[in-house]
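*Asks:* Have a look at this one.
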Amino acid sequence: MKIGFIGLGKMGREIALKIHEAGLELAVFNRTKSATDEFQKLGCKAANSVEELARWADVIITMLSNDKAVESVILGDDASKGVFGERKPGQLHISMSTISVRLSKQLQELHKEAKQHYVSACVVGRPEAAAEKKLWVIAAGAPDQITACGTIFDAIGQGTFVMGEKPHLANVAKLANNFLIASFIESTSEVLSFVEKSELDKGKFVELISAALLRSPIFDNYAKRILDGKFRPSESGFGMQLALKDLNLVLEAAEAIETPFPIASLIHDRFLSGIARGYAEFDWTATALVSRADAGLPVDF
């Protein structure tokens, strides 16, 4: 199985490294060419274009930041004709990007027309989790193709949840997951501002609810990040700009099925407020800074 990997950002790099470490044949492509250097040193092929990668690979994996980036490499743009320009029958595309439900449905139809296979396989976890092979894979697609992906999924994560045969269902699950995390971050940010302004020690309060209410790695990780003030871009795996993108996708998907999502709208505006304050590249827990400012607390992180 020849695997072509597109997108070597923070998450993509770690996933691609795990695929290589599993002994799978790997070629990589990234628009910023220097990102492929370490993979060449490891013996992987570095493609000069997505078209070159598509001609070589049996499986294409995309891990890109948004719909526009995925559309560009798969469908092409002014600079290229994209992966689809090669129209290689039988090729499998595994989309690991957090993209819209709309685009996932479109990709499913396009791949079907091209006699290709398509599996959506979103991942849950931060880049540091990917480095430790602790991601969770949320997959959907034809059962035989999910089975064919098993070696790849086992190489990058600690477990796989299959959402069904329609690939876009994995995107629905990933967006719903990210919304719950965003809701948790917002609630934690608000309550810790309330606790601090009430002159209660925030650390002691977090210890209390960790033990008595919310024993969860997600709570532990994000609450600690808020307590420690680890918001800066250099410390971040998932910025507020990306979080806003995901909230927009949640709202778009909900509107398409006429489902009100009032809390999502509220959290969307909280992220927008943070971005307007200059926190676009800060970790998405920087909503805590918005909450502190609203409460009249100092913002000195």
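None of the figures in this text is laboratory data; all of them are computed from the coordinates on show. Computed from a predicted structure; not experimentally measured. Quick reminder, even Gly has a Cβ in these numbers, built from the backbone with ideal geometry, and neighbours come from all protein chains shown.
*Asks:* May I ask for the net charge around Ala69, where only other residues with Cβ less than 12 Å from the Cβ of Ala69 are counted and Lys, Arg are +1 while Asp, Glu are -1?
*Replies:* The answer is 0.
*Asks:* Follow-up question, since we're still on this one. Between 0 and 90 degrees, rounded to the nearest ten: what's the tilt of helix 240-256 against the longest Cα principal axis of the chain?
*Replies:* In the chain, helix 240-256 runs at an angle near 80 degrees to the longest axis.
*Asks:* Next question, about the same structure. Just report the Cα centroid separation between region 82-109 and region 280-301, whole Å.
*Replies:* With region 82-109 and region 280-301 each reduced to a Cα centre, they are spaced 38 Å.
*Asks:* Still on this structure: Once the dipole of region 2-166 is set up with Lys and Arg at +1 and Asp and Glu at -1 on Cβ about the Cα centre, which of Gly23, Ser72, Ala129 lies farthest towards its positive end?
*Replies:* Farthest along the dipole direction, towards plus: Ser72.
*Asks:* Two-decimal Rg/Rh of the chain from alpha-carbon positions, Kirkwood Rh?
*Replies:* 1.00
*Asks:* To continue, here is another question. So if I place +1 on the C-beta of Lys and Arg and -1 on the C-beta of Asp and Glu, and nothing else carries charge, what would the dipole magnitude of region 172-294 be about its Cα centre? I want it in debye, nearest 20.
*Replies:* 300
*Asks:* Right, another one. For His93, which sequence-distant residues (separation of 5 or more, or a different chain) have an amide H within less than 5 Å of its own amide H, given hydrogens modelled in the peptide plane?
*Replies:* Answer set, sorted by chain and number: Ile60, His117, Tyr118, Val119.
*Asks:* Moving to a separate point now. Using a 10 Å cut-off around each Cβ, can you sort Leu17, Leu251 from fewest to most neighbouring Cβ atoms?
*Replies:* Final ranking by Cβ density, sparse to dense: Leu251, Leu17.
*Asks:* Moving on. Sticking to Cα atoms, compute the Rg of region 121-194 to one decimal and its Dmax as the biggest Cα-Cα distance, whole number, in Å.
*Replies:* Cα-based Rg and Dmax for region 121-194 come out at 14.8, 51 Å.
*Asks:* For region 2-166, what is Rg from Cα atoms divided by 2.2 N^0.38 Å, rounded to two decimals?
*Replies:* After normalising by residue count via 2.2 N^0.38 Å, the value is 0.94.
*Asks:* With a 10 Å Cβ neighbour count serving as the proxy for reagent exposure, in which order, fewest first, do Phe153, Phe29 appear?
*Replies:* Neighbour counts put them in this order, fewest first: Phe153, Phe29.
*Asks:* Would you mind checking the radius of gyration and Dmax of region 69-137 based on alpha-carbon positions, in Å?
*Replies:* Every Cα atom of region 69-137 included, Rg and Dmax give 13.7, 38 Å.
*Asks:* With +1 on each Lys and Arg Cβ and -1 on each Asp and Glu Cβ, how big is the dipole of the chain about its Cα centre, in debye rounded to the nearest 20?
*Replies:* With Lys and Arg at +1 and Asp and Glu at -1, about 460 debye.
*Asks:* Please list, in chain and number order, the residues 5+ apart from Val123 or on another chain whose amide H is under 5 Å from its amide H, with Hs placed from the backbone.
*Replies:* Excluding prolines and chain starts, which carry no amide H, the hits are Ile138.
*Asks:* Could you work out the helix-only [θ] at 222 nm for the chain, with each DSSP H run of four or more residues adding -39,500 (n - 2.57) and the total divided by the number of residues, to the nearest 500 deg cm²/dmol?
*Replies:* The per-residue figure over the chain is -16000 deg cm²/dmol.
*Asks:* Of Leu213, Leu24, Leu8, Leu242, how do they rank once you tally other Cβ atoms within 10 Å and put the fewest first?
*Replies:* Exposure proxy ranking, most exposed first: Leu213, Leu24, Leu242, Leu8.
*Asks:* Shifting gears a bit: How far, in degrees from 0 to 90, does helix 202-212 lean away from the longest principal axis of the Cα atoms of the chain, to the nearest 10?
*Replies:* 70
*Asks:* A further question follows. Please work out how much length the chain gains when fully extended from Lys134 to Lys204, using 0.36 nm per residue of separation minus the C-alpha to C-alpha distance, in nm with one decimal.
*Replies:* Extending this stretch completely gives an extra 22.3 nm.
*Asks:* Right, something else. Which of the pairs Lys41/Lys174; Lys68/Lys115; Lys2/Lys133; Lys41/Lys105; Lys68/Lys174 have their Cα atoms more than 28 Å apart in this structure?
*Replies:* From Lys41/Lys174; Lys68/Lys115; Lys2/Lys133; Lys41/Lys105; Lys68/Lys174, over 28 Å: Lys41/Lys174; Lys41/Lys105.
*Asks:* On C-alpha positions alone, give me the angle between the axis of helix 262-276 and the longest principal axis of the chain, in degrees, nearest 10.
*Replies:* Between helix and principal axis, roughly 90 degrees.
*Asks:* While we're here: Over all distinct alpha-carbon pairs, what is the Kirkwood Rh of region 143-301 in angstrom?
*Replies:* 17.3
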